[in-house]
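Here the structure is laid out as structure tokens; the discussion comes afterwards.
Read the figures in this text as sums done on the coordinates, not as results from a lab. As the structure is a computational prediction, the values presented were derived from the model and not from experiment. We place every Cβ from the backbone using ideal geometry, glycine too, and count neighbours over all the protein chains shown.
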Amino acid sequence: NITGSVNLPDNAKINLGDGNDLNIFHDGNNSVVRDNGVGELFLQGSAIRIRDNSDGGTLALFTDGAGAELRHDNVKKFETTDDGVIVTGDISSSGDIHLEKQKAIFFRSGQLTPFISSSDAPGYADLTISAGDDLNVIADDMHFRDNSTGTVTMTIANNENFVGIGETSPDDKLHIKQ
């Protein structure tokens with residue numbers, strides 16, 4: 001029985017298992033739990049919390065039957081749910097983002113104008129929309145602009161079903177400005 005502290009110097013290891021399968025030690029800079037065995041390393045509990053050493057804030061929380069949370073500065077940013085995941089904040093990706101099974105992207109926040117861009121500069125995106133059958137665009141009016149000048153080159157005014165080419169306010173079914 002140990003009734004006090006066990007003090008070991010840096011790099012001294014607590015070795016467990018016949019072949020030193022599990023090591024716990026401090027290397028002078030880092031604290032290490034190392035699994036050297038052939039199996040997996042299990043952490044088991046009804047809730048497993050990984051905490052920040054400086055203020056005790058939660059970095060990650062894994063709760064039995066209730067999902068997982070990842071936090072930044074003790075603020076929940078990523079959470080698993082029965083339906084999928086919840087992300088709080090921006091999502092950045094250096095590669096493609098693929099959506100499976102879901103047929104739509106919904107913009108629900110206070111951002112009134114969804115913006116899709118292939119660069120950080122507004123107006124420099126190629127947008128390809130591919131539809132197997134019908135393509136439905138729902139808008140009051142649609143304006144097509146020249147990318148270099150910003151000039152409206154075509155307008156579809158939904159309230160009257162008018163189309164204007166070179167005209168921003170078409171007044172007939174087809175209004176071509178020369």
- Query: For all pairs of alpha-carbon atoms in the stretch 1-88, what percent lies in each bin of width 5 Å, listed from the first bin to the last filled one?
  - Reply: 3, 11, 14, 15, 18, 16, 12, 7, 3, 1
- Item | Under-5 Å amide H pairs with Gly57, H placed in peptide plane, nonlocal only | Asp52
- Would you please put 139-148, 3-12 in order of how densely packed they are, using the mean number of other Cβ atoms within 10 angstrom per residue and starting with the highest? 139-148, 3-12
- Query: Which whole-number percent gives the relative contact order of the stretch 1-81, counting Cα pairs below 8 Å spaced six or more residues apart?
  - Reply: 14
- Message: Highest mean first, how do 43-55, 19-31 rank when packing is the count of other Cβ atoms within 10 Å averaged over residues?
- Response: 19-31, 43-55
- Packing rank of 160-168, 69-77, where each peptide gets the mean count of other beta carbons within 10 Å, highest leading: 160-168, 69-77
- Say R0 is 30 Å: what FRET efficiency, to the nearest 0.05, do His143 and Ser92 get from their beta-carbon distance? 0.55
- For Thr58 and Asp35, what is the calculated FRET efficiency with R₀ set at 22 Å and r taken between the beta-carbons, to the nearest 0.05? 0.40
